[in-house]
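Have a look at the structure below, then the notes.
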Amino acid sequence: MKVLISIYPITDPAHPDFLNRGHLMAVKKAAGRNAEVVVVTDVDKAAADIADTDILACFPYTVPPLKNAKRLKWIHAFSAGVDKILTPETKRLPVLISNSSGIHATPIAEHLIGFMLIFTRHFHQTFRNQLRRRWKPDDTITELRGKTVLVVGLGDIGAETARLAHAFGARIIAIARTGRVKPKFVDEFATTRSLDVLLPEADFVAICLPYTKETHNLFDMSKFKEMKRTAILMNIGRGGSVNERDLIRALRQKLIGGAALDVAETEPLPRNSPLWNMENVIITPHHSGWSEKYMDRAIELFCRNLQAFLKGERLPTRVNKNLGY
């Protein structure tokens, strides 16, 4: 059995995606003595190696061409999103697909709490005043306690965000595609059919959704018109879940209070995007999931999936090809 790990050519040990010797040894141990584990950082090398590969572990942007992958049985993504991997080709191939769902919960939830604190404590305005050397106390700052946070997508990230926001004293309402047992830290829980009903209640809307046909441009002008004029939209899922043109219009027309975006429809966000210069918009460059612990968690999860695969058991983070996550 051959396990091919296709990764970025990263040599900085401090980078979140750096694969160290300990990670490689953990994979080899999980794979067993009869397995060959090969690491490649070059696309051409990966394309050549894929022909006799049984298991491919990769980032979405390091997937080699699969036309010669005659032995491939399973693709594992070192990311939660698999929209770049789940192509018509891979949907047709008789291969399993799994992701790294769950490893991002801590850093992304903390990122979202940071977004909320920026807007309640008006840090974004204070930072701008600091750059201008302007001492200007703000008597309009507020607090997260008592605010209503709507979590759209109660997966691992959404649930951790809800838990942390609840600890701050916020009221938590959450929705998911299907019903599930309501966590103690969620005050109200509903399915996606109730989104339009719950939107008017929220001070913060956290989009924690995968990108699928169903979530494409889910948040458009009709949704923004349902929100409070003071509400903050936060997106850490995928840029395609938000109609960016409508968002810009909604911000300009002051239909909503602001936005905090870690993702964009086009990445990097084009330099001419009006979002860059809006004072009520916070932009981070799709790094909310990064942490020095990223690959530690990613490899540990891959090894758990690998052990399940070798035992013929269901992969812990197997992706439903039809749902897209």
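Do the conditions hold for Ala190, that is, is it under 20 Å from Gly114 (Cβ atoms) and among the small types (Gly, Ala, Ser)?
For Ala190, the condition - under 20 Å from Gly114 (Cβ atoms) and among the small types (Gly, Ala, Ser) - is not met.
Which one is farthest from Phe115 (Cα to Cα) among residues in region 173-185 that are surrounded by 19 or more Cβ atoms within 10 Å (Cβ to Cβ) and in contact (Cβ under 8 Å) with a residue 24 or more places away in the chain?
Looking at the filtered set, the residue picked out is Ile175.
Here is a check on your reading of the model: is Thr62 closer than 17 Å to Asn99 by Cα and either at pLDDT 95 or above or under 28 Å from the mean Cα position of the chain (by Cα) (or both)?
yes
Looking at region 305-325 only, could you name the residues that are basic (Lys, Arg) and touching a residue at least 40 places away in the same chain (Cβ under 8 Å)?
Correct list: Arg318, Lys321.
Being basic (Lys, Arg) and touching a Lys or Arg at 6+ places or on another chain (Cβ under 6 Å) is true for just one of Lys2, Lys45, Lys91. Which residue is that?
Lys91
The values are calculated or read from the model by the stated rules, or taken from the named source; none is laboratory data. Only a predicted model underlies this, so the values are computations on that prediction, with no experimental measurement involved. Positions of Cβ are backbone-derived with ideal geometry, glycine not excepted, and every protein chain shown enters the neighbour counts.
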